[in-house]
Amino acid sequence: MSLINKEVQDFTVQAFVNHSFQEVSKSDILGRWSVFFFYPADFTFVCPTELEDLADKYEEFREAGCEIYSVSTDTHFVHKAWHDASERIRKIQYPMLADPTHALSKDFDVLIEADGMAERGSFIVNPEGRIVAYEINAGNVGRNAEELLRKLRACQFVYEHGDEVCPARWQPGAETLTPSLDLVGLL
């Protein structure tokens, strides 16, 4: 079953952000774009490369009006310990959400029940709190922040210009497509 247009359920979780613990809830994501970036666990191998990649692009996501939320089933205390211990993770300025109860992992359908960890899932959520794009990767395949940023910008463009669509590899300022009513039956 597709998660496209699914509304994120109410949630309140602990987060590690800006060297402190904070609560993050659904109300924090409404009215702005969000990326939920699930990963299996802190203190692992592929995860820090992905999270560092996102940290390097964080300002561009912010300029696009988007907040990034990294999410694992670890606690906020483990997030802090990892942040303190890892040079790569120390670069992170976005909130690191703790999901030890698996509420978010279940809502976004990325929980690996047998392991108690999340799949590598990237979700773009619109200002109404609805999932508009997502991708799930195998645990041994890292993701690319540049491509996620491109997808975010395409989702934002389509959200603002509902009658236009973005072709493959679309970038802001590039040509878009306007589906013809004559071709609707062929799509």
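Normalised Debye scattering of segment 1-91 at q = 0.11, 0.14, 0.25 Å⁻¹ gives log10 I(q)/I(0) of -0.33, -0.54, -1.51, counting only Cα atoms as equal scatterers and leaving out solvent. Amide H contacts of ALA118: THR73, ILE112, each under 5 Å away and 5 or more positions distant or on a separate chain (H built 1.01 Å from N in the peptide plane; Pro and chain starts excluded). Close amide H partners of ASP42, meaning residues 5 or more places away or on another chain with modelled amide H under 5 Å apart, are ASP74.
Rounded to whole numbers, the Karplus 3J(HN,Hα) couplings from phi for segment 90-103 are 4, 6, 5, 10, 7, x, 9, 7, 9, 10, x, 8, 6, 4 Hz, using 6.51 cos²θ - 1.76 cosθ + 1.60 with θ = phi - 60°, and x at Gly and Pro. Each residue of segment 153-159 was assigned a 3J(HN,Hα) from its phi angle through the Karplus expression (A = 6.51, B = -1.76, C = 1.60, θ = phi - 60°), giving 4, 5, 4, 5, 4, 5, 4 Hz with x at Gly and Pro. Just for the chain, what percent of DSSP beta bridges are antiparallel, to the closest 5? Expressed as a percentage, antiparallel bridges in the chain total about 70. Amide H contacts for GLY129 (H built 1.01 Å from N in the peptide plane; partners 5 or more residues away or on another chain; cut-off under 5 Å): GLY31. With an a/c value of 1.5 or above and a/b larger than b/c for the gyration tensor axes a ≥ b ≥ c computed over the alpha-carbon atoms, segment 78-187 is described as prolate.
Coordinate-derived values only; no laboratory data. Here the structure is a predicted model, which is why all the values come from computation and not from measurement.
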